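Reviewing the structure listed below.
The values are calculated or read from the model by the stated rules, or taken from the named source; none is laboratory data. Please read all numbers here as calculations on a predicted model, not as lab measurements. As a convention, Cβ positions derive from the backbone with ideal geometry for all residues, glycine included, and neighbour counts pool all protein chains shown. Just so you know, the surface numbers come from the protein's heavy atoms only, side chains and all, with ligands and any DNA or RNA stripped out. Shrake-Rupley method; radii C 1.70, N 1.55, O 1.52, S 1.80 Å.
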Amino acid sequence: ARVGERAHDIARALAGALGREPLLVGDGERAVRRIAWCTGGAQGYFEQAILAGADLYVSGEISEPTVHLARESGVPYIAAGHHATERYGARAIALHLEEALGLEASFVDLDNPV
């Protein structure tokens, strides 16, 4: 993402990178300078991200209160999928275990729509 890019452009880029269409809630036209990102089910940190000055929050999951907070605060929220946002970390840990400890590790990527 480039500084000043709009939230809906970032959502489109995430769709390409993660291989799934994210849900964008809130002002898709908002220019984004600061992104807060926490993978998985981290919608509970959205309010803290807003207070810290984020222009956009990206996580895996979304809940009903999150929708209203995005609309009322003016800070867009992107739910990019719990599985989609966490699978890269799991792969990285498997690779690290192999390289650092000589362990055999495999990452099995089972499609999950959540």
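Does TYR57 count as free of Cβ contacts under 8 Å to residues at least 12 places away in the same chain and among the hydroxyl-bearing types (Ser, Thr, Tyr)? Walk me through it before giving the result.
On the way: free of Cβ contacts under 8 Å to residues at least 12 places away in the same chain: no; among the hydroxyl-bearing types (Ser, Thr, Tyr): yes.
It is false that TYR57 is free of Cβ contacts under 8 Å to residues at least 12 places away in the same chain and among the hydroxyl-bearing types (Ser, Thr, Tyr).
Within segment 56-67, count every residue that is out of contact with any helix residue (DSSP H, G or I) (no Cβ under 8 Å at 6 or more places or on another chain), under 9 Å from VAL25 (Cβ atoms) and not aliphatic (A, V, I, L, M).
Within segment 56-67, residues that are out of contact with any helix residue (DSSP H, G or I) (no Cβ under 8 Å at 6 or more places or on another chain), under 9 Å from VAL25 (Cβ atoms) and not aliphatic (A, V, I, L, M) number 0.
Just one of the numbered conditions (1) without any contact (Cβ under 8 Å) to a residue 12 or more places away in the chain; (2) of a type outside the set (Gly, Ala, Ser); (3) closer than 17 Å to ALA11 by Cβ is not true of GLU98; which one?
Status for GLU98: all satisfied but (3).
So is ALA94 within 22 Å of VAL3 (Cβ to Cβ) and more than 13 Å from the chain's Cα centre (by Cα) or not?
No: the conditions fail for ALA94.
If you go through segment 38-56 one residue at a time, how many are crowded, with 17+ Cβ neighbours inside 10 Å and within 20 Å of ARG6 (Cα to Cα)?
Of the residues in segment 38-56, 7 are crowded, with 17+ Cβ neighbours inside 10 Å and within 20 Å of ARG6 (Cα to Cα).
Among the numbered criteria (1) free of Cβ contacts under 8 Å to residues at least 60 places away in the same chain; (2) closer than 21 Å to ALA90 by Cα, which single criterion is violated by GLU64?
Result: GLU64 passes all but (2).
Can you tell me which of VAL75, VAL3, VAL67, VAL25 is open to solvent by 70 Å² or more (accessible area, probe 1.4 Å), of a type in the set (A, V, I, L, M, F, W, C) and more than 12 Å from the chain's Cα centre (by Cα)?
Answer to the selection: VAL3.
Looking for something loosely packed, with under 13 Cβ neighbours inside 10 Å, at positive phi and without any contact (Cβ under 8 Å) to a residue 40 or more places away in the chain - is there at least one such residue anywhere in segment 101-111?
Within segment 101-111, one or more residues are loosely packed, with under 13 Cβ neighbours inside 10 Å, at positive phi and without any contact (Cβ under 8 Å) to a residue 40 or more places away in the chain.
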